[in-house]
Each structure stands twice: as C-alpha cells, then as structure tokens.
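A.B. asks: Take this structure first; my questions come after.
The values are calculated or read from the model by the stated rules, or taken from the named source; none is laboratory data. As the structure is a computational prediction, the values presented were derived from the model and not from experiment. Methodologically, a virtual Cβ is constructed for each residue, glycine included, from the backbone with ideal geometry; neighbour enumeration extends over all protein chains shown.
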Amino acid sequence: MAPFLLDHPQVDTMFPPDAIERAKVYLANIKGGLGAYSDSRGNPYIRQEIANFIEQEHGVKSHPDTIFCSNGASECVRNLLTTIIRGPGDGVMVPIPQYPLYSAAIALYNGQLVPYYLEEDSTWGLNVDELNKSIREAREKGICVRALVFINPGNPTGQCLTQENISSMIEFCYHNRLILMADEVYQVGMTLTLSFSIITPRADMRHMTQITLRKTSTILAVHSSQREPRSTECRSRFGLDLNLPASTLCPKEPMGSADCAAVTLRCTISTRRW
C-alpha cells in the first residue's frame, strides 16, 4: 500500500525482483489508484488472473464475471451462509471434525448445523451412507437442508477426498437439491493432489465415471490463491504473528498474491464423460 517505495533508490535491495515487477503490474491495472473503490466483485485484472489459474490448473474455461473476491475465505463463507440461511428452520450439512468457522457462523445466523461424520478408521474418509443418514434424520426433525459443505484437504484432519467421494457428493447434492460449498483453501499447499475442484475438474482426472446431471446445478466453490502464509489464519498455522482487520466483499487493493478467495456461483455439469 506504499507505491512510492518503488521510487526508492535502494528498492532493489529491499524487495525481490519478482515482487517489484508484480507490484508494477498491479499498480498499472488498478484504475483510480490504491484506496479507490473497486468493482464489488474485485479488481477485474485479478479476477482474470484467478480465471487463468483455474484454466491452467484444471483444464477448463473459467470466466472472471463468475468470480467474486474477498479478503479471505472466512469472510466469503460467512457471506454465503447469510444468503443460504433464511431462518431457524434451515440447515447446512457440515463434516465432523470441522473447522469451527462453519458451526459458529451457522449458529450466529440462526441456522441449524446438520453434521455428517467422517470415518476415523478410514483416515477420516467420507462414507456416502453417512450423508444419506444425516439428511434423513434432519428432515425427520423438520429441518430444511439447503446446502452441504466439504473441506478438501480436510481441516483439521488433513484428509484428501477421493475422486469417487467427490463424484458421489455432486450426485447427492443434485438429487437432494442442495447447494454444494467446496472449501478448498489449502489446495495449492498439497504436494500430492488426489482431489479436484468440483466446478473445474483437473485435466488429468477426466477419466472419471460419467455423472448424469441434466440441468444446471448451483455450486459454490471457495478457493485460495495465496502461495505463502500471509493471512492471519495461515500465519498462525506457520507460527507467525500477524493481526489483520476483518472485512467483507469488495476487497482492499492489491490482494492478488496475499489472500484471495474466489467464488463461482453457477456452472453446468455436462452429461458426457470428463
């Protein structure tokens, strides 16, 4: 937030060369300068960068107009839950164990936590029978289940969902008319990726079994573009101390390499094989 540092005579000794070049690129693409109001979805250049990342990482097209940026995935999740939860009769399915953001936010917005339990004996894996049991019991209590959350890699378990798991969840949400929230904040930190974004499946995983969906399904995906521990949460996990103010949509500029969450609002699941 101090562009004048680029004119400092010793700037080359203060910052790495790639950081300097990246700062120049962002400054050139932030119309109106730092501190000015931006598009509520986020800076267009940064949203295009995210779309390019999705295409390069997963091999499918992504459009910047379907991407919304926020200052961290937590704010993004809270905004989504306020939209999903209409009152005390609405429920959201959340894996157990889970990062307490979900249980706390659901309670705050007067919704109902609908837990589905991961299997510890299977390295905290997912059993689809547990999903059916969970939603059946919730409906018997009169709860209107409106969404399902999955966290991949798991937080705090660290487990990675299998291709079969993710395929089953897509079908489960489609047949039960649920919004699917894909929390994949730590996907770029994985050395071995067994999972993929539901909206943008990896190119090397297109041999998956056909999923027969005939209409457009509503899916929300939370992704992180951060490549290093800069956010409050990630810094605490890396043993670093940093206090950052909480904020919501219309993120502060620049935010491309810091902590950026992208949310895809709608997509069409093809009936052909991936």
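A.B. asks: If you check TYR37 against the conditions, is it buried (at least 17 other Cβ atoms within 10 Å of the Cβ) and of a type in the set (Phe, Trp, Tyr)?
C.D. replies: Considered against the rule, which asks whether it is buried (at least 17 other Cβ atoms within 10 Å of the Cβ) and of a type in the set (Phe, Trp, Tyr), TYR37 comes out as no.
A.B. asks: Oh, and also: Scan the range 43-75 for residues that are over 24 Å from TYR102 (Cα atoms) and part of a loop (DSSP other than H, G, I, E, B) and report the count. Full working, then the answer.
C.D. replies: We begin by selecting, within the range 43-75, every residue over 24 Å from TYR102 (Cα atoms); these are 43-65.
Now restrict to residues that are part of a loop (DSSP other than H, G, I, E, B): 43, 59-63.
The qualifying residues number 6.
A.B. asks: Here's something else I'd like to know. Return yes when GLY87 is in a strand (DSSP E or B) and either more than 22 Å from the chain's Cα centre (by Cα) or over 20 Å from GLY154 (Cα atoms) (or both) and no when it is not.
C.D. replies: No, not satisfied.
A.B. asks: Residues being over 16 Å from the mean Cα position of the chain (by Cα) and buried (at least 16 other Cβ atoms within 10 Å of the Cβ): count how many of those fall in the range 50-76.
C.D. replies: Total satisfying the criteria: 2.
A.B. asks: Which of (1) surrounded by 13 or more Cβ atoms within 10 Å (Cβ to Cβ); (2) at pLDDT 95 or above; (3) not small (Gly, Ala, Ser) is the odd one out, the single condition ASN110 does not satisfy?
C.D. replies: Result: ASN110 fails condition (1) only.
A.B. asks: Before we move on, is ASN29 exposed (fewer than 13 other Cβ atoms within 10 Å of the Cβ) and either more than 30 Å from ALA138 (Cα to Cα) or of a type in the set (Phe, Trp, Tyr) (or both)?
C.D. replies: It is false that ASN29 is exposed (fewer than 13 other Cβ atoms within 10 Å of the Cβ) and either more than 30 Å from ALA138 (Cα to Cα) or of a type in the set (Phe, Trp, Tyr) (or both).
A.B. asks: Please work out if ASP39 is at pLDDT 85 or above and part of a loop (DSSP other than H, G, I, E, B).
C.D. replies: Yes: the conditions hold for ASP39.
A.B. asks: Of everything in the range 10-59, what is touching a residue at least 12 places away in the same chain (Cβ under 8 Å), more than 25 Å from GLU75 (Cα to Cα) and among the charged types (D, E, K, R)? Give them in sequence order.
C.D. replies: If the condition is that a residue be touching a residue at least 12 places away in the same chain (Cβ under 8 Å), more than 25 Å from GLU75 (Cα to Cα) and among the charged types (D, E, K, R), then ARG22, LYS24 are the ones that fit.
A.B. asks: With respect to the numbered conditions (1) crowded, with 19+ Cβ neighbours inside 10 Å; (2) under 18 Å from ARG177 (Cβ atoms), which one is the sole condition not fulfilled by THR83?
C.D. replies: Of (1) crowded, with 19+ Cβ neighbours inside 10 Å; (2) under 18 Å from ARG177 (Cβ atoms), only one is false for THR83: (1).
Let's see how each residue does on (1) closer than 15 Å to ASP183 by Cα; (2) surrounded by 14 or more Cβ atoms within 10 Å (Cβ to Cβ); (3) not aromatic (Phe, Trp, Tyr):
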position	(1), (2), (3)
TYR117	no, yes, no
SER122	no, no, yes
ASP129	no, no, yes
ILE135	no, yes, yes
LYS141	no, no, yes
VAL149	yes, yes, yes
GLY154	yes, yes, yes
GLN163	no, yes, yes
